[in-house]
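Asks: Below is the structure I would like to discuss, written out as structure tokens.
The values are calculated or read from the model by the stated rules, or taken from the named source; none is laboratory data. Source: prediction; values computed, not measured. All Cβ positions, even for glycine, are placed from backbone atoms using ideal geometry, and neighbour counts span all protein chains on display.
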Amino acid sequence: MIEVGWVEVPCAFCGGAGRDPFGLMSPLATCQVCGGTGQRILHRPTAPCAFCRGTGVHPGSRNTCTTCDGIGTVEIPAQAIPCPHCGGSGRAADYRWPDSPLSCACCRGKGVVSPSKAQTPGVQHDH
């Protein structure tokens, strides 16, 4: 069983540096995701973000990932299982390209769902 509690995770968007990785405002600008701390605190259990593949960056852009808000890690349900709709990729399965810039509507890009949400494969669920 996974221990329930809080965990500190490094900010994926800035790589833990606490600075804007793209230096858009200034090379000294504070990271918008972690507020300059280089880390975030999440509730356990957690997993790497499936949609951005743990980078914290929305695929195909320089924006923060819409699934993990740039952290690169997501909070997941206890005893999570791979999403039956996207197969755990976190990407829209019905999109034309394999590197879809759209997140899966069933798991909201996390790549996993709770066992109760997976009862009906192919059905899009609200979380």
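Asks: Report every pair of residues separated by at least 6 positions or lying on different chains whose Cβ atoms are under 6 Å apart, first residue within the range 1-30 and closer than 24 Å to Phe51 by Cα, second at pLDDT below 85 and assigned to a loop (DSSP other than H, G, I, E, B).
Replies: Cys14/Pro21; Phe22/Arg62
Asks: Is it the case that the range 20-34 has a residue that's closer than 30 Å to Ser116 by Cβ and under 17 Å from the mean Cα position of the chain (by Cα)?
Replies: no
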